[in-house]
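The values are calculated or read from the model by the stated rules, or taken from the named source; none is laboratory data. As the structure is a computational prediction, the values presented were derived from the model and not from experiment. Counting neighbours? That spans all protein chains shown, and the Cβs are built from the backbone with ideal geometry, glycine included.
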């Protein structure tokens, strides 16, 4: 029974603080109480380089710089998050809590967060349950540390291997990327954290492969490829969106009313919060030069539906405040943006519970369970690209191992991780600094006395003395492992060119990540030279490639006996690499992207138009026998999307396809493990519309997949019930059109036909 005091409290409680009311009513009530200054504060997220301590010092001096949100990747003083939230709730007029955001592309990007394998490795599992588990794990870690928003998933498509941010992508296929992205969205948001899909839209095909450059694509291509993963994330209920820095057909995406409002909000139905990518306002003013001043920028943001500005209050700053006050800008447009920000905060329950347990967070990050998940993803996602029989290593034949290469003693994790040298004065014992290297993993399995290590070369360095020592080391061993590939030990483009980067001009050159784009796709030259030297020794040679971006190594392929693509393996992933080398784990990953033969083969993706990639002349050439398309090369990929070897062999038989109804296509295939190992296999279903009306079609596209387990000698009939809309193409009116007529179905080396 309610007491008088209870009733008095209820009568004085503002509606927006009543958690029993609908969110819409709470937002409307709070909005009605806000001044224009308070509204504009809700549209601002300060810069990422400002630590919590500076914010706290400012409010103690009476300077409220907190605004609506905080984004930070340093996070040394976590308890200050609670102090800042206390200030916002108890010391400000309306008591509006903060959004506290962090990066989350492949784990919580903070010093204490678990680093999972890069997204390409997750996609290579062809099992989105791993994406969900990763999203859930990083969200739990985020909440434990006081964070409530993650900038993930990244559902850009990988279509230019020169682009340094390739390693943040789930690959080149929109269906696979959409599935992985939506799984991450659900994993994050099922655990009380807001997911932020990025970078809307078409960010993965920049001119010349250079970050931030213009994107040269037509609307049909955007809709056929790039838009689909974002559409899937919207349907999964993603709460936030971050636009891309780039432009489409000359119009920056951030201020494109067409793509941001008409397509994202009206067509796709996105009702959540849009936050600018960091520093976009400065780029629009000073790089794109597409707006005259701050006020014009703010007006364009409002028209496009941008709700929060990071990291400086430019468009939504003082100029906007004065324009509203003099009636030049309709305040209702400000209200619409503020409403979406407040709705996000109410949905997260921040008005009731913005705090975290300062005594317990350390037991909830980098847990044994999360480390085990990291290792399992690597076990399922590492891709075997070549094997002439040298793998797995035989315990009888392999006693001594020589480990050479620049990634031998580095846990190559990928970008958007916190590395200790970012803040040398803090001496942070981050997860990155404690992650397991390949050297450590091999020693754990074979013993220190059996693993000889000499790097030989760096990422940009080739010194004769070091090379000689590496060759001498290799001569003593039964087998040689070359740990090569890329180096992405940087946080993001925000630290490009910083002091810590300038110290890495030689052996520590950054070759991948945001702001680290390449003019070619080859292995760095020092590694190419070192592999030739090692191959001349005649020892069994295995190349382990690190990095989440496609690397061309056509010239080196004949020099090595085996190749493993390890991506960025995460904090514990090198244990999985060692287990695969030893045969304790059978590799089962499949490429989520195509690997080009050279930079001249870009763009290189499997789902190209039907007349692309040499389909007309079919006379691939070489210097021994010049041809056509290309004169001196084959136009195909070195390794195509979906490629991946195993230690066993799978046979596909009895492929059938039928249309039991207008809305479903049923595909069945029998898979048999005819090799010597129990193993897992990802069964991939591709389709090709043989006739499209007016517009040209795609040679084939992924429409279904499933990961299965088969013991040696085992058989399984796999059935797919595939919705008809997966076979659709973008027609002349920019709408999805279902096929009418013959559709070919491909699984493995088999094909069949179904009629729509």
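Among the residues of the stretch 200-211, is there at least one that is touching a residue at least 40 places away in the same chain (Cβ under 8 Å), buried (at least 23 other Cβ atoms within 10 Å of the Cβ), out of contact with any helix residue (DSSP H, G or I) (no Cβ under 6 Å at 6 or more places or on another chain) and in a strand (DSSP E or B)?
Taking every residue of the stretch 200-211 in turn, at least one turns out to be touching a residue at least 40 places away in the same chain (Cβ under 8 Å), buried (at least 23 other Cβ atoms within 10 Å of the Cβ), out of contact with any helix residue (DSSP H, G or I) (no Cβ under 6 Å at 6 or more places or on another chain) and in a strand (DSSP E or B).
Could you check the stretch 10-50 and list, in sequence order, the residues that are within 35 Å of the chain's Cα centre (by Cα), part of a loop (DSSP other than H, G, I, E, B) and surrounded by fewer than 18 Cβ atoms within 10 Å (Cβ to Cβ)?
Scanning the stretch 10-50 gives 22, 47, 49, 50.
Determine whether the stretch 707-716 contains at least one residue that is touching a residue at least 60 places away in the same chain (Cβ under 8 Å), loosely packed, with under 15 Cβ neighbours inside 10 Å and assigned to a loop (DSSP other than H, G, I, E, B).
Within the stretch 707-716, one or more residues are touching a residue at least 60 places away in the same chain (Cβ under 8 Å), loosely packed, with under 15 Cβ neighbours inside 10 Å and assigned to a loop (DSSP other than H, G, I, E, B).
Here is a list of conditions, (1) farther than 22 Å from residue 676 by Cα; (2) in contact with a strand residue (DSSP E or B) (Cβ under 9 Å, 6 or more places away or on another chain), and residue 711 meets all of them except one; can you say which number that is?
Going through the list (1) farther than 22 Å from residue 676 by Cα; (2) in contact with a strand residue (DSSP E or B) (Cβ under 9 Å, 6 or more places away or on another chain), residue 711 breaks only (1).
If I go through the stretch 292-313 residue by residue, how many of them are more than 21 Å from residue 262 (Cα to Cα) and either free of Cβ contacts under 8 Å to residues at least 24 places away in the same chain or more than 29 Å from the chain's Cα centre (by Cα) (or both)?
Total meeting the criteria: 4.
Quick check on residue 114: is it in contact with a helix residue (DSSP H, G or I) (Cβ under 6 Å, 6 or more places away or on another chain), buried (at least 24 other Cβ atoms within 10 Å of the Cβ) and assigned to a helix (DSSP H, G or I)?
No.
Scanning for something surrounded by 15 or more Cβ atoms within 10 Å (Cβ to Cβ), more than 25 Å from residue 384 (Cβ to Cβ) and touching a strand residue (DSSP E or B) at 6+ places or on another chain (Cβ under 7 Å), does the stretch 680-688 turn up at least one residue?
Looking through the stretch 680-688, at least one residue is surrounded by 15 or more Cβ atoms within 10 Å (Cβ to Cβ), more than 25 Å from residue 384 (Cβ to Cβ) and touching a strand residue (DSSP E or B) at 6+ places or on another chain (Cβ under 7 Å).
Does residue 123 count as surrounded by 24 or more Cβ atoms within 10 Å (Cβ to Cβ) and outside any loop (DSSP other than H, G, I, E, B)?
yes
Report, by residue number, each residue of the stretch 233-266 that is assigned to a helix (DSSP H, G or I) and under 30 Å from residue 349 (Cβ atoms). Steps first, answer last, please.
Initially, the stretch 233-266 is screened for residues assigned to a helix (DSSP H, G or I), giving 233-235, 253-255, 257-266.
Selection gives 233, 234, 235, 254, 260, 261, 264, 265, 266.
Taking only the stretch 213-226 into account, find how many residues are within 25 Å of residue 272 (Cα to Cα) and in contact (Cβ under 8 Å) with a residue 40 or more places away in the chain.
Count: 5.
Filter the stretch 248-268 for residues that are surrounded by fewer than 21 Cβ atoms within 10 Å (Cβ to Cβ) and more than 23 Å from the chain's Cα centre (by Cα) and give the result.
If the condition is that a residue be surrounded by fewer than 21 Cβ atoms within 10 Å (Cβ to Cβ) and more than 23 Å from the chain's Cα centre (by Cα), then 249, 250, 251, 257, 258, 261, 262, 265, 266, 267 are the ones that fit.
Of everything in the stretch 443-457, what is in contact with a helix residue (DSSP H, G or I) (Cβ under 6 Å, 6 or more places away or on another chain) and closer than 24 Å to residue 529 by Cβ? Give them in sequence order.
451, 452, 453, 454, 456, 457
Give me the residue from the stretch 440-452 that is surrounded by 22 or more Cβ atoms within 10 Å (Cβ to Cβ) and touching a strand residue (DSSP E or B) at 6+ places or on another chain (Cβ under 8 Å) and, out of that set, nearest to residue 116 (Cα to Cα). Break it down into steps so the answer makes sense when it comes.
We begin by selecting, within the stretch 440-452, every residue surrounded by 22 or more Cβ atoms within 10 Å (Cβ to Cβ); these are 441-442, 451.
Those left that are additionally touching a strand residue (DSSP E or B) at 6+ places or on another chain (Cβ under 8 Å): 442, 451.
Working: 442: 20, 451: 26 Å.
The extreme case among them is 442.
Would you say residue 272 is modelled with pLDDT of 95 or more and on the phi > 0 side of the Ramachandran plot?
no
Quick one: which residue in 630, 647 is part of a loop (DSSP other than H, G, I, E, B), surrounded by 14 or more Cβ atoms within 10 Å (Cβ to Cβ) and free of Cβ contacts under 8 Å to residues at least 40 places away in the same chain?
630
Mind checking whether some residue in the stretch 236-245 is over 18 Å from the mean Cα position of the chain (by Cα), without any contact (Cβ under 8 Å) to a residue 60 or more places away in the chain and surrounded by fewer than 22 Cβ atoms within 10 Å (Cβ to Cβ)?
Filtering the stretch 236-245 down to residues over 18 Å from the mean Cα position of the chain (by Cα) leaves 237.
If we keep only those that are without any contact (Cβ under 8 Å) to a residue 60 or more places away in the chain as well, we get 237.
Keeping just the survivors that are surrounded by fewer than 22 Cβ atoms within 10 Å (Cβ to Cβ) gives 237.
Yes: the stretch 236-245 contains one or more residues that are over 18 Å from the mean Cα position of the chain (by Cα), without any contact (Cβ under 8 Å) to a residue 60 or more places away in the chain and surrounded by fewer than 22 Cβ atoms within 10 Å (Cβ to Cβ).
State whether one or more residues within the stretch 46-60 are touching a residue at least 40 places away in the same chain (Cβ under 8 Å) and closer than 30 Å to residue 327 by Cβ.
Yes, that holds for at least one residue.
Within the stretch 477-491, is even one residue surrounded by fewer than 18 Cβ atoms within 10 Å (Cβ to Cβ) and at pLDDT 95 or above? Steps first, please.
Residues of the stretch 477-491 that are surrounded by fewer than 18 Cβ atoms within 10 Å (Cβ to Cβ), as a first pass: 478.
Remaining after also requiring at pLDDT 95 or above: 478.
Yes, some residue in the stretch 477-491 is surrounded by fewer than 18 Cβ atoms within 10 Å (Cβ to Cβ) and at pLDDT 95 or above.
Could you please let me know if residue 377 is on the phi < 0 side of the Ramachandran plot and in contact with a strand residue (DSSP E or B) (Cβ under 7 Å, 6 or more places away or on another chain)?
Considered against the rule, which asks whether it is on the phi < 0 side of the Ramachandran plot and in contact with a strand residue (DSSP E or B) (Cβ under 7 Å, 6 or more places away or on another chain), residue 377 comes out as no.
How many residues does the stretch 656-696 hold that are in a strand (DSSP E or B) and farther than 22 Å from residue 585 by Cα?
18
Which of the residues belonging to the stretch 61-78 are touching a helix residue (DSSP H, G or I) at 6+ places or on another chain (Cβ under 9 Å) and either surrounded by fewer than 18 Cβ atoms within 10 Å (Cβ to Cβ) or not in a loop (DSSP other than H, G, I, E, B) (or both)?
Listed by number, the residues that qualify are 63, 64, 65, 69, 70, 76, 77.
Yes or no: the stretch 87-103 includes at least one residue that is in a loop (DSSP other than H, G, I, E, B), within 30 Å of residue 171 (Cβ to Cβ) and either touching a residue at least 12 places away in the same chain (Cβ under 8 Å) or touching a strand residue (DSSP E or B) at 6+ places or on another chain (Cβ under 7 Å) (or both).
No, the stretch 87-103 contains no residue that is in a loop (DSSP other than H, G, I, E, B), within 30 Å of residue 171 (Cβ to Cβ) and either touching a residue at least 12 places away in the same chain (Cβ under 8 Å) or touching a strand residue (DSSP E or B) at 6+ places or on another chain (Cβ under 7 Å) (or both).
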